[in-house]
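Take a look at the structure below.
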Amino acid sequence: MNTTKKWNEFILTWLIKISGYSAIIFVAMIFYFLLREGLPTIGEASISNLFSRRWYPIEDYFGLLPLIGGSLIVTIGAALFAVPIGLCTAIFISEVSPRWARDLLKPLVEVLGGIPSVVLGFLGILILAPYLRRLLELPTGLTALTGSILLGGIAIPTIVSVAEDALDSVPRSYRDAALALGATEWQTIWRVTLPAARNGVLTAIMLGVGRAIGETMTVMMVTGNAAVLPIKINSIFFPVRTMTATIAAEMGEVAKNSTHYHVLFFIGLLLFIISLGINIAASTAMFQQRKRAERILS
Amino acid sequence: MKNLAYIVIALLLLFLTGCNNGTAPSTGITNPPQISTIVNKGSDTLVNLALAWAEKYHQLYPNVEISVTGGGSGTGIAALINNTVDIANASRQIKSEEIQQAENNGVNPFEFIVAKDAIAIIVNPNNPVDQLTIKQLSDIYSGKINNWKEVGGEDRVIVRLSRETNSGTHVFFLENVVRMGNPDDNTLFSTDTLLLPSSEGITSETRDNPNVIGYDGLGYVTPDVKVIAIAGDASGTFILPSAETVNQGQYPIARDLYMYTNNQPTEAIADYITWILSPDAQTTVTQLGFVPIK
């Protein structure tokens, strides 16, 4: 009996260990694969080609700047929508709303997070893009702005649920102390609770942004995919082409081991590095928060 | 121990019935083509037509299963090169480097022209422009003409729509319209051309937006967009795309649609292609808005 128990424990421990380490191994393998398929780009396409302004791969124009610019402008736009709305929603759910509204809102936000992005893209094409075109009198509704709004919608649930958790974990005594000192409810939220949850909120924003930059289907459907370098002040009102949409649109047709194939993996590598950077920044912020909490307890 | 025996018996039974299912239908076939599965892949332009043919053929000969998928001409030809399909559909002719790759893989592409297609130029129904020359189209798509009033329309910005670069329609349009059929011409699409991943994307934007010019296969044009008459040169007559004008060679933006097999096909595949070229199958071509051969 005793030996069986020991064996069970041994197997379970190992299973858990293997699953834990496998995550690391998979990330390492993906990174290796991207490096192997993407790095030949540097030998095959000249640096001046990669930094040119023209992306037209079937004629060997591999200018990455319009794609990077497209991803950046759509992501920044999405952050401008998602961060204020997401944070306000999180504050409302955690600090202001009555119990019943909170019980209703939390699951609703999670449902919003579960909507497939292709569905959002479809709504974007049929409703949002025509509406924005008439409202702002644009040449076309398939613009970076349309993509930003929809991506904002995708990032909001992530921001809300992580930020709400962070606000929730601020000790009750903080709020009580602030209120006892005569602060209004708004002053308590703005000057005490939010700063105390600052790192968690920062994590929420970065995870939301990471979610937005990696999103593919929606942007491919609504941003028009024109590879224009978005450097003008009004670029957000014109079509752009993102890195993710480029990979998704072109990978299916590309001949294996051609320069185009390697460049697409190189773009994938850039995306991987960007989202890795965002995640590292987010977990550093998380780690700092834990240390802070430990300091308070001691 | 008893349990184990049951499991073994159950597995054996499962295995045996599995074998039965696999072998039983292969006897007693009466229809001419013996039981077979034909894998057919490629051009998105051709996919609806290929599906309609496959369905009709399956009704005629229930023993033949034909699986049809799209993905683009290049995808289909790549699959043929890798010998993973029986028939590759393409809306362009196979390139010499693709033939080279195929031969390196021991595949010998064999060509059939199965239908004809015309590219229709479409605009919003509220756009007053009715006709354009190929030269004007080229200037519009390469970014030299940017306002509808330069081609006799309203004072509106022109928004150019195109299929994605992986589409056979895109390449055909680039070579025959943007570059006007001149192989030494290096003109490219204007960078602000919107590349839409699907025909549906082009149609829905054209239906909604009066600034737009788009192109797509004649088979995909819906009644809620306006088709433009095209002239090969400024002195030529303006022709609307239709079955007659394409077959008589009058409409300037038309092309052949191809199916490729590995070597000259035999057995089931040969029967299928022979049927596709028959008048019976070619009526389906007309029904889907393409142009039948001959």
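Inspect segment B:198-219 for any residue being of a type in the set (A, V, I, L, M, F, W, C), over 19 Å from B:Val47 (Cβ atoms) and within 17 Å of the chain's Cα centre (by Cα) and give the result as yes or no.
Start the filter on segment B:198-219 by keeping residues that are of a type in the set (A, V, I, L, M, F, W, C), which leaves B:202, B:212-213, B:218.
From the residues that got through so far, the ones that are over 19 Å from B:Val47 (Cβ atoms) too are B:212-213.
With within 17 Å of the chain's Cα centre (by Cα) added as a condition, the list becomes none.
So far as segment B:198-219 goes, no, none of its residues is of a type in the set (A, V, I, L, M, F, W, C), over 19 Å from B:Val47 (Cβ atoms) and within 17 Å of the chain's Cα centre (by Cα).
Mind listing just one residue for me: the one in segment A:213-238 that is under 29 Å from A:Ala166 (Cβ atoms) and among the β-branched types (Val, Ile, Thr) and, of those, surrounded by the fewest Cβ atoms within 10 Å (Cβ to Cβ)?
My answer is A:Thr216.
Answer yes or no as to whether B:Tyr258 is more than 14 Å from every other protein chain (Cβ to nearest Cβ), at pLDDT 90 or above, farther than 30 Å from A:Gly141 by Cα and not in a helix (DSSP H, G or I). Talk me through it step by step, then tell me what you get.
Working: more than 14 Å from every other protein chain (Cβ to nearest Cβ): yes; at pLDDT 90 or above: yes; farther than 30 Å from A:Gly141 by Cα: yes; not in a helix (DSSP H, G or I): yes.
In short, yes.
Determine which member of the set B:Lys144, B:Lys149, B:Lys135 is of a type in the set (D, E, K, R), in contact (Cβ under 8 Å) with a residue 60 or more places away in the chain and under 22 Å from B:Ala231 (Cβ atoms).
Values: B:Lys144 fails: in contact (Cβ under 8 Å) with a residue 60 or more places away in the chain; B:Lys149 fails: in contact (Cβ under 8 Å) with a residue 60 or more places away in the chain.
Selected residue: B:Lys135, the only one of B:Lys144, B:Lys149, B:Lys135 that is of a type in the set (D, E, K, R), in contact (Cβ under 8 Å) with a residue 60 or more places away in the chain and under 22 Å from B:Ala231 (Cβ atoms).
Okay, residues lined up against (1) modelled with pLDDT of 90 or more; (2) surrounded by 15 or more Cβ atoms within 10 Å (Cβ to Cβ); (3) in contact with an Asp or Glu (Cβ under 9 Å, 6 or more places away or on another chain):
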site: A:Gly77; (1), (2), (3): yes, yes, no
site: A:Val83; (1), (2), (3): yes, yes, no
site: A:Glu110; (1), (2), (3): no, no, no
site: A:Gly124; (1), (2), (3): yes, yes, no
site: A:Ile127; (1), (2), (3): yes, no, no
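Just to be sure, is B:Ser204 touching a residue at least 40 places away in the same chain (Cβ under 8 Å) and not assigned by TED's automatic domain parsing to the domain that holds B:Ser91? Walk me through it before giving the result.
Values: touching a residue at least 40 places away in the same chain (Cβ under 8 Å): no; not assigned by TED's automatic domain parsing to the domain that holds B:Ser91: yes.
In short, no.
Can you pull out the residues in segment B:157-197 that are at the interface with chain A (Cβ under 9 Å from one of its Cβ atoms), more than 17 Å from A:Val240 (Cβ to Cβ) and buried (at least 16 other Cβ atoms within 10 Å of the Cβ)?
Within segment B:157-197, B:Ile158, B:Asn166, B:Ser167, B:His170, B:Val171, B:Leu174, B:Leu188 meet the criteria.
Condition check ((1) β-branched (Val, Ile, Thr); (2) more than 14 Å from every other protein chain (Cβ to nearest Cβ)) across all residues:
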site	(1), (2)
B:Val68	yes, yes
B:Gln93	no, yes
B:Gln101	no, no
B:Tyr141	no, no
B:Asn146	no, no
B:Glu154	no, no
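Go through (1) away from chain B (no Cβ under 14 Å); (2) exposed (fewer than 15 other Cβ atoms within 10 Å of the Cβ) for A:Asp60 and report which single condition fails.
(1)
Would you please name the residue that is surrounded by the most Cβ atoms within 10 Å (Cβ to Cβ), looking only at residues in segment B:198-239 that are more than 14 Å from every other protein chain (Cβ to nearest Cβ) and under 14 Å from B:Thr169 (Cα atoms)?
B:Gly217
Looking at segment A:29-49, which of its residues are among the hydrophobic types (A, V, I, L, M, F, W, C) and buried (at least 16 other Cβ atoms within 10 Å of the Cβ)? Show your work before the answer.
Restricting attention to segment A:29-49, the residues satisfying the condition of being among the hydrophobic types (A, V, I, L, M, F, W, C) are A:29-31, A:33-35, A:39, A:42, A:45, A:47.
Across segment A:29-49, the qualifying residues are A:Leu34, A:Ala45.
When residues of segment B:61-76 are filtered for being outside any helix (DSSP H, G or I), of a type outside the set (Val, Ile, Thr) and within 16 Å of the chain's Cα centre (by Cα), how many remain? Break it down stepwise before answering.
Taking segment B:61-76 first, the residues outside any helix (DSSP H, G or I) are B:61-72.
Filter again for of a type outside the set (Val, Ile, Thr), leaving B:61-63, B:65, B:67, B:70-72.
Subset that is within 16 Å of the chain's Cα centre (by Cα): B:67, B:70-72.
Of the residues in that region, 4 qualify.
With respect to B:Asn89, is the statement that it is surrounded by 13 or more Cβ atoms within 10 Å (Cβ to Cβ), of a type in the set (S, T, N, Q) and at pLDDT 90 or above true? Outline the logic, then answer.
On the way: surrounded by 13 or more Cβ atoms within 10 Å (Cβ to Cβ): yes; of a type in the set (S, T, N, Q): yes; at pLDDT 90 or above: yes.
The answer is yes for B:Asn89.
Could you say which residue among B:Ala79, B:Ala120 is at pLDDT 90 or above, in a helix (DSSP H, G or I) and crowded, with 16+ Cβ neighbours inside 10 Å? Quick ask: steps written out before the conclusion?
Values: B:Ala120 fails: in a helix (DSSP H, G or I).
None of the others qualify; the one that does is B:Ala79.
Residue by residue, here is whether (1) closer than 28 Å to B:Gly72 by Cα; (2) surrounded by fewer than 16 Cβ atoms within 10 Å (Cβ to Cβ); (3) in contact with a helix residue (DSSP H, G or I) (Cβ under 9 Å, 6 or more places away or on another chain) holds:
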{"residue": "A:Leu194", "(1), (2), (3)": "no, no, yes"}
{"residue": "A:Asn199", "(1), (2), (3)": "no, no, yes"}
{"residue": "A:Arg211", "(1), (2), (3)": "no, no, yes"}
{"residue": "A:Thr246", "(1), (2), (3)": "yes, no, yes"}
{"residue": "A:Lys256", "(1), (2), (3)": "yes, yes, yes"}
{"residue": "A:Gly268", "(1), (2), (3)": "yes, no, yes"}
{"residue": "A:Gln288", "(1), (2), (3)": "no, yes, yes"}
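The values are calculated or read from the model by the stated rules, or taken from the named source; none is laboratory data. Quantities reported herein were computed from a predicted structural model and do not represent experimental measurements. Cβ coordinates were reconstructed from backbone atoms using ideal geometry, including for glycine residues, and neighbour counts include every protein chain displayed.
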